[in-house]
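Student: Take this structure, written in structure tokens, and hold onto it; I'll ask about it next.
The values are calculated or read from the model by the stated rules, or taken from the named source; none is laboratory data. Everything numeric here is computed off the predicted structure, so don't read it as measured data. Glycine also receives a Cβ, built like all others from the backbone with ideal geometry; neighbour counts cover every protein chain displayed.
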Amino acid sequence: MKASEVRGHLDGLLLSVLESGPLHGYAVITAVQERSNGVLELRKGTIYPALNRLERLGLLDSTWESVGERRRRCYELTDAGRRSLDTERKVWREFTAAIGSVLEPAQPRTAT
Amino acid sequence: MSGLLPDPARVDPIEAHVAELAAVLRGTDRAKTRMLAELREGLLDAATELAPGRGPDDAAAREAVRLFGSVAELAPGFQHELTIVQARHTAGRILLLAPLLLPCWYVLAGAGPTAHRLPYAAQVLLAHLGGTAAATALAAAAFLAATGPLARRLATPDRLPTVVAWTGTTAAVALALSAFTLTIASLLTASWPLCALAGAVAIVFHAKIAASARACRECARLPATA
């Protein structure tokens, strides 16, 4: 799946991989790719503005952490972020159910 | 002279890529430094992963840069967020500084006996400028709300940073006119030290808001995508 097709769902994907605990930017990227078995293609650099935006909206918190000589910014979900993720999931289920019911309609029962 | 230039073959591809991106981005130094530092760390992580066991080399660094996206691909997304941050910074300055014109004027208007108060024309002009400053502060507060938690529910219009930039310019002009009026008034009133002090404060506030509004306009002119 191309990056442009993923863009509309990026917020939900990022919030979802952070649900299990704090991650730094590159770990978020690899988590999205691993969970999708490499199907979702992301321009990796585009993740960073998205993480900053989610933090501005109060859906993520972040802190700098030192690992050896390197410093990494780790992100974690806020309570608002968890609520937003629940909403994203609900909207996604409704969306896929609606599309699925059109693409794969239930077989009409034959009259006996 | 050419001996002083770095050997192109020795330039770190990651540092060169980050520097190239930094050169095209505009925004507050803090936000820009932070976003580019995160990008650099991500590129180093990717290069390390691409060269297991041998450490990140030049080829791995180049591949990491390719996977992360070119400057042309990355810049609009980075700039969009930097523009919003710059606009919020400008709105914060307006909200903090512009309303201070009002107590400044009230103190002066009520200072001393009647004969020593500001000339009537100056009072009327300052009242209007104070009203303008208050209006810009309200607009700034609305912008801060619209780009903060409220943005979870409402889309942020693309032209909002431009509106903030011009709101800042309006506040800056109001403060400049106030400073000018207070300076003239200081020549006409007995309470001139207060007038002169208020004028100096207004000119400092003008400079701070005008600089931020100018930076905001520069950001808003650049191509950006959410």
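Student: In segment B:131-173, what count of residues is obtained for those that are in contact with a Gly (Cβ under 8 Å, 6 or more places away or on another chain) and either more than 14 Å from B:R93 (Cβ to Cβ) or crowded, with 21+ Cβ neighbours inside 10 Å (or both)?
Tutor: Of all residues in segment B:131-173, those in contact with a Gly (Cβ under 8 Å, 6 or more places away or on another chain) come to B:136, B:140, B:144, B:148-149, B:152.
Now restrict to residues that are either more than 14 Å from B:R93 (Cβ to Cβ) or crowded, with 21+ Cβ neighbours inside 10 Å (or both): B:136, B:140, B:148-149, B:152.
Of the residues in segment B:131-173, 5 are in contact with a Gly (Cβ under 8 Å, 6 or more places away or on another chain) and either more than 14 Å from B:R93 (Cβ to Cβ) or crowded, with 21+ Cβ neighbours inside 10 Å (or both).
Student: For segment B:114-226, list the helices (runs of 4 or more DSSP H) that sit wholly inside it and hold at least 3 residues that are among the polar types (S, T, N, Q); which are they?
Tutor: Details: elements: B:120-147, B:160-188, B:192-221.
In segment B:114-226, B:120-147, B:160-188 are the helices (runs of 4 or more DSSP H) which contain 3 or more residues that are among the polar types (S, T, N, Q).
Listed here are the residues, each with its yes/no results for (1) away from every other protein chain (no Cβ under 14 Å); (2) β-branched (V, I, T).
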{"position": "B:A64", "(1), (2)": "no, no"}
{"position": "B:L67", "(1), (2)": "no, no"}
{"position": "B:P76", "(1), (2)": "no, no"}
{"position": "B:V85", "(1), (2)": "no, yes"}
{"position": "B:L100", "(1), (2)": "yes, no"}
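Student: If you go through segment B:86-96, how many residues are in contact with a helix residue (DSSP H, G or I) (Cβ under 8 Å, 6 or more places away or on another chain) and either surrounded by fewer than 23 Cβ atoms within 10 Å (Cβ to Cβ) or not hydrophobic (A, V, I, L, M, F, W, C) (or both)?
Tutor: Restricting attention to segment B:86-96, the residues satisfying the condition of being in contact with a helix residue (DSSP H, G or I) (Cβ under 8 Å, 6 or more places away or on another chain) are B:86-95.
Checking the rest, the ones that are also either surrounded by fewer than 23 Cβ atoms within 10 Å (Cβ to Cβ) or not hydrophobic (A, V, I, L, M, F, W, C) (or both) come to B:86, B:88-90, B:92-93, B:95.
Going through segment B:86-96 one residue at a time, the tally reaches 7.
Student: Quick one: would you say B:A155 is without any contact (Cβ under 8 Å) to a residue 60 or more places away in the chain and in contact with a helix residue (DSSP H, G or I) (Cβ under 8 Å, 6 or more places away or on another chain)? Step through it out loud before you land on a result.
Tutor: Values: without any contact (Cβ under 8 Å) to a residue 60 or more places away in the chain: yes; in contact with a helix residue (DSSP H, G or I) (Cβ under 8 Å, 6 or more places away or on another chain): no.
So B:A155 does not fit the description; no.
Student: Kindly indicate whether B:R26 is at the interface with chain A (Cβ under 9 Å from one of its Cβ atoms) and surrounded by fewer than 20 Cβ atoms within 10 Å (Cβ to Cβ). Write out each step before concluding.
Tutor: Numbers: at the interface with chain A (Cβ under 9 Å from one of its Cβ atoms): no; surrounded by fewer than 20 Cβ atoms within 10 Å (Cβ to Cβ): yes.
Considered against the rule, which asks whether it is at the interface with chain A (Cβ under 9 Å from one of its Cβ atoms) and surrounded by fewer than 20 Cβ atoms within 10 Å (Cβ to Cβ), B:R26 comes out as no.
Student: Just name the residue that is farthest from the other protein chains (Cβ to nearest Cβ) out of those in segment A:83-94 that are out of contact with any Leu (no Cβ under 8 Å at 6 or more places or on another chain) and within 20 Å of A:V17 (Cβ to Cβ).
Tutor: Step by step, filter segment A:83-94, then rank; the result is A:R93.
Student: Report yes if B:E81 is among the acidic types (D, E), assigned by TED's automatic domain parsing to the domain that holds B:S191 and buried (at least 19 other Cβ atoms within 10 Å of the Cβ), otherwise no. Before you say what the answer is, go through the steps one by one.
Tutor: Working: among the acidic types (D, E): yes; assigned by TED's automatic domain parsing to the domain that holds B:S191: yes; buried (at least 19 other Cβ atoms within 10 Å of the Cβ): yes.
Criteria met by B:E81.
Student: List the number of the failed condition for A:A106; all other conditions in (1) closer than 17 Å to A:I29 by Cβ; (2) in a loop (DSSP other than H, G, I, E, B); (3) away from chain B (no Cβ under 12 Å) hold.
Tutor: Result: A:A106 fails condition (1) only.
Student: Here is a further query. Given the structure, is A:G45 farther than 22 Å from B:R152 by Cα, under 16 Å from the mean Cα position of the chain (by Cα) and of a type outside the set (K, R)? Show your work before the answer.
Tutor: On the way: farther than 22 Å from B:R152 by Cα: yes; under 16 Å from the mean Cα position of the chain (by Cα): yes; of a type outside the set (K, R): yes.
Here the answer is yes, as A:G45 does meet what is asked.
Student: Could you figure out which of (1) within 30 Å of B:E73 (Cβ to Cβ); (2) out of contact with any Ser or Thr (no Cβ under 8 Å at 6 or more places or on another chain); (3) hydroxyl-bearing (S, T, Y) isn't true of A:Y75?
Tutor: Going through the list (1) within 30 Å of B:E73 (Cβ to Cβ); (2) out of contact with any Ser or Thr (no Cβ under 8 Å at 6 or more places or on another chain); (3) hydroxyl-bearing (S, T, Y), A:Y75 breaks only (2).
Student: Now for a separate question. Among the residues of segment A:58-75, which ones are loosely packed, with under 12 Cβ neighbours inside 10 Å and within 22 Å of B:P149 (Cβ to Cβ)? Talk me through it step by step, then tell me what you get.
Tutor: Step one: filter segment A:58-75 for residues loosely packed, with under 12 Cβ neighbours inside 10 Å, giving A:63, A:66-69.
Answer for segment A:58-75, where residues must be loosely packed, with under 12 Cβ neighbours inside 10 Å and within 22 Å of B:P149 (Cβ to Cβ): just A:T63.
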